[in-house]
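Peer 1: A single structure is presented below for examination.
The values are calculated or read from the model by the stated rules, or taken from the named source; none is laboratory data. Quick caveat: nothing in here was measured; it's all calculated off a predicted structure. Note that we place each Cβ from the backbone using ideal geometry, even for glycine, and neighbour counts take in every protein chain shown. Surface areas here come from the heavy atoms of the whole protein model, side chains and all, with no ligands, DNA or RNA. Shrake-Rupley method; radii C 1.70, N 1.55, O 1.52, S 1.80 Å.
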Amino acid sequence: SIFTIVHQETCIACGACGAAAPEVFDYDDEGISYVIIDDNKGTKCVPNQYVDDVLDAYEGCPTDSIKISKKTFDGNPLKYG
Ligand code: F3S
């Protein structure tokens, strides 16, 4: 199982993550991405059926703003560097 969170300070609203994983990533009014399932806290496991999509989004983000981990982020996208 994995957790994911968007580092919104570096997101450039490119829109790739929501295309790759529409059930996991959505955008605020300015197009900045957030994780739907836990309001971008990185505290809820990504449901198994969406893990591959999240990995695609992780690899496709041009600014490396999508973080993934096997442990909770506790709301901090830079928790693991
Ligand atoms: Fe932002 Fe990266 Fe998604 S730049 S919109 S987090 S693909």
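Peer 1: Quickly run through the stretch 38-67 and pick out the residues that are on the phi > 0 side of the Ramachandran plot and away from the ligand (no atom under 12 Å from the Cβ).
Peer 2: Here is the first cut: in the stretch 38-67, the ones on the phi > 0 side of the Ramachandran plot are 39-40, 42, 64.
Matches in the stretch 38-67: Asp39, Gly42.
Peer 1: What residue, of Glu9, Glu23, is acidic (Asp, Glu) and in contact with an Asp or Glu (Cβ under 9 Å, 6 or more places away or on another chain)? Working first, answer last.
Peer 2: Details: Glu9 fails: in contact with an Asp or Glu (Cβ under 9 Å, 6 or more places away or on another chain).
That would be Glu23, the only listed residue that is acidic (Asp, Glu) and in contact with an Asp or Glu (Cβ under 9 Å, 6 or more places away or on another chain).
Peer 1: Sticking with this structure for a sec: Restricting the search to the stretch 1-46, which residues are in contact with a strand residue (DSSP E or B) (Cβ under 8 Å, 6 or more places away or on another chain) and of a type in the set (D, E, K, R)?
Peer 2: As a first pass, look at the stretch 1-46 and keep what is in contact with a strand residue (DSSP E or B) (Cβ under 8 Å, 6 or more places away or on another chain): 2-8, 11, 13, 15, 17-18, 24-28, 32-36, 40-46.
Correct list: Asp26, Asp28, Lys41, Lys44.
Peer 1: Right, something else. Consider Asn76 carefully, then state whether it is open to solvent by 90 Å² or more (accessible area, probe 1.4 Å) and away from the ligand (no atom under 11 Å from the Cβ).
Peer 2: Considered against the rule, which asks whether it is open to solvent by 90 Å² or more (accessible area, probe 1.4 Å) and away from the ligand (no atom under 11 Å from the Cβ), Asn76 comes out as no.
Peer 1: Can you confirm whether Ile2 is more than 7 Å from the ligand (Cβ to nearest atom) and out of contact with any Cys (no Cβ under 8 Å at 6 or more places or on another chain)? Please lay out each step first, then the result.
Peer 2: Values: more than 7 Å from the ligand (Cβ to nearest atom): yes; out of contact with any Cys (no Cβ under 8 Å at 6 or more places or on another chain): no.
Taking the combined requirement at face value, the residue does not satisfy it.
Peer 1: Further question on the same structure: Kindly provide the set of residues from the stretch 1-37 that are within 13 Å of Ile68 (Cβ to Cβ), more than 10 Å from the chain's Cα centre (by Cα), open to solvent by less than 60 Å² (accessible area, probe 1.4 Å) and not aliphatic (A, V, I, L, M), ordered by number.
Peer 2: Listed by number, the list is empty, since nothing qualifies.
Peer 1: Let me ask you something else. Only residues that are of a type in the set (S, T, N, Q) and more than 16 Å from Gln8 (Cα to Cα): list them for the stretch 44-72, please. Give the derivation first.
Peer 2: Filtering the stretch 44-72 for residues of a type in the set (S, T, N, Q) gives 48-49, 63, 65, 69, 72.
Listed by number, the residues that qualify are Asn48, Gln49, Ser69, Thr72.
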